[in-house]
Amino acid sequence: MTLAAGDLGTAAPAQPNQLASQWRRFGRVATLVAAITFPVLFVWFHNQVGWGVGWSLLASFLCVIVFRGAVDVVSRRFIPWPTLFGQEGEAAREEDVVNRRRVWYWRKRFRLVFWIVLIITIVWVIRLFVRDPGEQSWVDAALSIPHAVGYLFSSGIWLQMIILPFFFIFNFLILFGPLAFMGISQIRSYEPGDADWGVKLDDVRGQAEAKEEVRRVVNLWQSGEAFEGAGGKRERGLLLLGAPGTGKTMLSKAIATNFNAPFVSIPGSGFAQTFIGMDVVIVRFLSAKAKRLARKWGGQCIVFIDEIDAVGMRRQSLGQGGSGFTTADPASFHDYCFYGPNGALTPTGDLVLETRAWRERLFQERAPQSVSPYPAFVGRLSNFVFPGGMGGMGGGGGGLALNQLLIVMDGIGDPPFWRRFWTNRLNTFLDATYIIPRRLGKASARLPKPKPRTEQIFFVGACNVPLEVLDPALTRPGRMGRHVWFRTPTKQDRLDVFNLYLGKVDHEPDLDTDKRRQELARITNGYSPAMIEQVCSMALTVAHFEGRERFGWTDIVDAMTTIESGTAVNQEYVPEETRAVAIHEAGHAVCAHVYMRGTESTRLSIRKRGRSLGHHQALEKEERFSSWRHEEMGRLTWTLGAMAAERVFYGENSTGVGGDVQSATARAAWMVGSCAMAPETIDLGASSGTEDEVDELRKKMEKRFQRIGTQIMNRSGSGGPFQQDPIAGVLSDPEKRAMATQLLGQAYMRAHLLVEANREAVDHIASVLVERRELHGDEVVELLEHASLSIPEADLTKDETWPTL
């Protein structure tokens with residue numbers, strides 16, 4: 001006999017249904033037998049034993065339910081349970097749950113009775129060998145056990161048994177108590193009305209997209225009942241990602257100020273405890289505190305974890321450290337040449353170009369180093385007690401805090417433990433009686449199932465590492481699944497921040513013009529919002545010190561240069577050297593203005609700051625994520641412009657070009673080795689001759705470029721950027737090095753010809769710089785535009801075109 005395909009769905013469950021039906025009938029028969037024996041038992045206890053009505057009823061009831069429970073336990077031991085998988089009908093599944101709960105209840109009680117009987121029997125057997133067997137019965141042995149327990153309590157031994165656990169706990173607290181307190185003390189809680197940071201959402205500037213995203217999430221936190229009623233689910237966690245100083249903590253304070261709910265904060269380093277397991281205690285304490293505050297204040301609480309990467313790193317990478325946050329291409333040139341606090345391209349600090357990759361690297365360098373909150377001897381003690389880094393501070397226990405934090409995030413919505421415990425025990429007992437029905441009409445005769453707590457705990461984390469460094473279990477949806485990115489402040493972002501802070505301090509009306517505001521945003525390369533606030537405050541300090549109530553353009557410029565490079569050294573150079581430094585910086589500025597069309601100059605100075613005798617800064621006009629070959633050649637020409645200017649005006653170059661040469665060498669090698677940017681094809685113009693003669697002439701030109709580049713190329717050693725590939729690889733490869741030297745030769749040739757053709761304009765720019773010492777923003781741009789610089793036409797076939805080195 002065969003079954004059709006359509007019969008398979010009904011034929012398969014036939015046996016489970018039949019088995020369940022048989023179990024149901026068997027249970028009813030057993031219950032009927034127990035109910036029939038109830039009157040008999042009552043009469044026996046009341047008449048034969050002589051008990052009262054109440055005790056007889058209770059004894060009869062117990063005997064009936066014990067008998068019924070024994071029947072179920074024995075039956076389930078030999079007959080399998082029916083499977084209800086895939087079966088429809090809520091009543092059948094509920095009945096199965098009740099039956100399983102009854103068997104569990106009585107099996108546990110019978111097992112307890114078995115062990116009690118076994119212990120009494122052992123005591124009885126032992127006493128048989130001590131006393132006369134005729135004087136000792138099994139019942140006497142059972143009654144002797146309570147007497148023995150009473151003796152222990154009367155003799156004072158019980159006091160020692162109680163003191164011993166307390167003694168252990170006391171010693172535990174002596175050792176671990178102070179360490180746990182140090183960790184718990186880092187948890188800060190603020191209830192509504194306790195603190196006001198004075199930060200509003202409107203005060204967070206320069207992050208319009210991030211702020212709007214956070215506002216959208218927080219609005220649902222505050223009043224998302226309609227959203228959940230429509231089927232939505234509120235995000236439980238919010239992760240703020242971005243470089244240090246981009247406003248993540250400030251935005252968190254704005255949330256705390258404007259969100260009428262308690263706010264609990266802890267740094268990520270607060271989870272790093274000395275001994276293994278203590279970090280779990282910190283997480284549990286944090287969770288309990290947040291839940292308690294949420295119950296007190298209407299059911300909502302925010303937990304803010306700053307530098308969450310300290311606890312949320314990928315578990316397989318714990319103890320290995322992590323890189324700072326950067327969205328820049330790892331092959332960015334700033335990864336090889338980045339000097340000083342301002343990220344100069346040269347070791348002398350005289351060339352700064354603001355690009356997106358430069359800002360990312362600059363803010364990454366400002367990231368604070370994680371410092372343990374514990375004294376050094378605590379770490380040494382941890383390593384002594386737990387060799388190999390078993391303690392949380394050693395790196396081996398960090399995963400415990402992360403695991404516990406994930407459990408806490410998932411368990412926020414669970415029903416209360418004790419309510420679940422007592423509801424389960426009471427309902428199980430009522431089911432195990434077999435007599436008390438589950439329903440009385442339409443009303444339930446059992447305690448209702450406990451529901452999850454209504455309070456909502458929301459988590460906000462902030463970190464400055466890439467998202468891929470964090471553990472995926474932490475960043476998945478349902479935990480910290482909403483990610484908000486904070487970019488480093490662009491020119492427009494800085495303008496927004498200036499509009500905020502200038503509105504808070506007294507300043508001259510000139511700074512309120514759109515021209516001045518745009519200029520301020522342009523010349524504050526790499527500034528964070530905190531630095532802009534400091535600049536405004538410092539400018540007002542200068543004005544008040546001089547007896548003025550408001551500050552102006554000069555004050556804010558002085559404040560900026562002081563913050564960036566320290567107080568300027570008012571040291572007078574030798575007049576000839578002053579002129580040479582001005583020519584040097586003018587060469588940079590002229591080449592940048594002509595060959596770097598996508599940028600604009602922001603500062604030109606010959607005031608000594610630190611190691612730099614002067615500097616030129618430029619800004620990329622638009623946010624870029626890559627650059628073309630001609631743009632890199634323009635930056636290479638800009639770097640060598642100072643050397644070309646010194647050669648044109650003095651016939652030789654000074655030692656001041658050393659930093660420029662090192663940076664130019666690195667850039668040329670990077671272009672060849674990483675970016676596949678070979679030297680330009682030489683344009684010979686209208687040269688006549690056969691094809692072989694033209695090729696021979698072109699090779700001659702390439703060798704001349706190569707000779708110039710070889711003289712310029714820095715080959716002084718393997719220090720600085722030359723320790724890393726691809727630069728070291730290029731410089732050690734003859735063919736690649738030849739291509740790099742040609743790039744240097746071509747860039748220097750362009751710079752030399754430009755300065756030579758515009759000698760008078762460069763001389764004028766240097767003269768203005770000697771007189772003014774420092775120019776900013778529009779002053780630099782206007783000076784360069786009025787110079788009317790022109791790119792010369794050059795015939796490379798003529799020997800007089802080539803510079804002499």
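The values are calculated or read from the model by the stated rules, or taken from the named source; none is laboratory data. Fair warning: this is a prediction, and the values are worked out from it, not measured in the lab. Please note: Cβ atoms are built from the backbone with ideal geometry, for glycine as well, and neighbour counts cover all protein chains shown. In case anyone asks, the SASA skips ligands and DNA or RNA and just uses the protein heavy atoms, side chains included. Shrake-Rupley method; radii C 1.70, N 1.55, O 1.52, S 1.80 Å.
Annotations
- Cα centroid separation - segment 445-502 against segment 734-755, whole Å: 50
- Couplings 3J(HN,Hα) of segment 286-302, computed from phi: 4, 5, 5, 5, 5, 5, 5, 5, 5, 5, 6, 10, x, x, 9, 7, 10 Hz, in residue order, whole Hz [Karplus 6.51 cos²θ - 1.76 cosθ + 1.60, θ = phi - 60°; x for Gly and Pro].
- Sequence-ordered 3J(HN,Hα) estimates for segment 505-519 from the Karplus curve with 6.51, -1.76 and 1.60 and θ = phi - 60° stand at 10, 6, 8, 6, x, 4, 6, 8, 6, 4, 4, 5, 5, 4, 5 Hz, glycine and proline given as x.
- Taking amide H atoms as placed 1.01 Å from N in the peptide plane, the amide H of Glu354 lies under 5 Å from those of Ala618, Leu619, Glu620, each 5 or more residues away in sequence or on another chain.
- Near the amide H of Arg482, within less than 5 Å, lie the amide hydrogens of Gly237, Leu239, all on another chain or at least 5 residues away, with H placed in the peptide plane.
- Segment Val53-Arg597, extension gain: residue separation times 0.36 nm, minus the distance between their alpha carbons: 185.1 nm
- Packing-based order for 300-308, 117-125, using average beta carbon neighbours within 10 Å, highest first: 300-308, 117-125
- Extending 7 Å from the Cα toward the beta-carbon at both Phe227 and Thr454 defines two label points whose distance is 2.0 nm.
- Inter-label distance for Arg548 and Leu805, nm, one decimal - labels placed 7 Å from Cα along Cα-to-Cβ: 4.8
- Whole-Hz couplings from phi, Karplus 6.51/-1.76/1.60, listed for segment 730-739; x for Gly and Pro: 5, 5, 8, 9, x, 5, 5, 5, 4, 5
- Take each peptide in 769-776, 43-50, 580-587, count the other Cβ atoms within 10 Å of every residue, and average; sorted highest first, the result is 580-587, 769-776, 43-50.
- Subtracting the Cα-Cα distance of Ala728 and Arg234 from 0.36 nm times their residue separation leaves 172.6 nm of extension gain.
- Amide hydrogen proximity for Val460: with H placed 1.01 Å from N in the peptide plane, the residues at 5 or more positions away or on another chain lying under 5 Å are Leu238, Val303, Phe304, Ile305.
- Filter on Lys253/Lys289; Lys253/Lys491; Lys211/Lys451 - keep pairs with C-alpha separation over 30 Å: Lys211/Lys451
- Separation in nanometres of the label points that stand 7 Å from Cα toward Cβ, at Gln492 and Gln534: 2.8
- With every protein chain in place, segment 635-683: carbon and sulfur % of accessible area (1.4 Å): 45
- On the basis of the beta-carbon distance and an R0 of 56 Å, Ile126 and Ser185 show a calculated FRET efficiency of 0.50.
- Which listed pairs, of Lys700/Lys736; Lys699/Lys798; Lys248/Lys515; Lys699/Lys736, have C-alpha distances above 20 Å, in listed order: Lys248/Lys515
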